[in-house]
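Okay, so here's the structure we're looking at.
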Amino acid sequence: MRIGRILSPVHSLGPGERLCLWTQGCSKNCEGCVSPELQKASERDIDEETLWKLMLQIAEKNNCTGLTVSGGDPLEQSDSLLTILEKAHDRFEDVLVYTGFTINEIQKGCAGLSGIKCLNYIDVLIDGRYVKELNATNCVLRGSSNQKIYYLNEKMQPIYEEYMKQGRIVETFAHNQITIITGILNEVTNYE
Ligand code: SF4
């Protein structure tokens, strides 16, 4: 699986202590994409078994109860994603996945048969391309208002609704002289 980064513990992309995995590669090319460096489908390629062991180690160390998978677009690597989600489903209390596909596209097979199967192992799905003009501060956990939250595990709905009362959260991580911002950013307007 092509991986952009793994960070933990993350609190800005879902409730509780979370392990966050960003996949590498997305062909959707949304204007204003918050992670343009993750669009190119190259760089780190790691076999799923090794990746899962690494994820487990980090999750144990940080007492993570939740997993967030973002990108890039994780559903553009649906075979690998399915392998990871089958394992994660038993380990984590909730699994949140972001994708640039809409749920209808996934159900129609646009992300392959594995993409359809992935839906069985996702508790919360946030779908759709980012639309810069629809970035609104009241869209907690979502970049733009066209994106929808699907509680595929309905038990998670009250937990997420309580979490989202805080509004958007942004965190920064510093590593190897690089600063990484996680969470959902407001659209910045340049008046100059
Ligand atoms: S779907 Fe997400 S990662 Fe892909 S280009 Fe759009 S905003 Fe960026």
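Data overview
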{"quantity": "Relative packing of 117-124, 175-182, 162-169, 136-143, which averages over residues the other C-beta atoms within 10 Å, highest first", "calculated": "117-124, 136-143, 162-169, 175-182"}
{"quantity": "Residue order, fewest to most beta carbons within 10 Å, for LEU56, LEU85, LEU75", "calculated": "LEU56, LEU85, LEU75"}
{"quantity": "Quarter of Cα convex hull surface for the range 33-154, i.e. mean projection, nm²", "calculated": "8.0 nm²"}
{"quantity": "Full-stretch length increase - GLU49, GLU133 - with 0.36 nm per residue and alpha-carbon distance subtracted", "calculated": "26.3 nm"}
{"quantity": "Sequence of GLU154, GLU171 once ranked by neighbouring C-beta atoms within 10 Å, starting from the fewest", "calculated": "GLU154, GLU171"}
{"quantity": "The range 7-88 shape via C-alpha gyration tensor axes, a/c threshold 1.5", "calculated": "oblate"}
{"quantity": "Modelled FRET efficiency - R0 45 Å, TYR150 with THR172, Cβ distances, 0.05 increments", "calculated": "0.95"}
{"quantity": "Interatomic Cα distance distribution for the range 43-87, bins of 5 angstrom, percent", "calculated": "5, 18, 30, 29, 14, 4"}
{"quantity": "Reachable lysines, given that their alpha-carbon falls under 23 Å from the alpha-carbon of LYS155 and they are not under 8 places away in the same chain", "calculated": "LYS87, LYS117, LYS165"}
{"quantity": "Sequence of CYS110, CYS26 once ranked by neighbouring C-beta atoms within 10 Å, starting from the fewest", "calculated": "CYS110, CYS26"}
{"quantity": "Sites LYS165 and ASP79 - FRET efficiency at Förster radius 35 Å, r taken between beta-carbons, to 0.05", "calculated": "0.40"}
{"quantity": "Relative contact order (%) - criterion: Cα under 8 Å, at least six apart; region: the chain", "calculated": "20 percent"}
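No value in this document is a laboratory result; all are computed from the given coordinates. Every value quoted in this text rests on a predicted model; they were computed, and no experiment measured them. Heads up, the Cβs are rebuilt from the backbone with ideal geometry, glycines too, and the neighbour counts pull from every protein chain shown.
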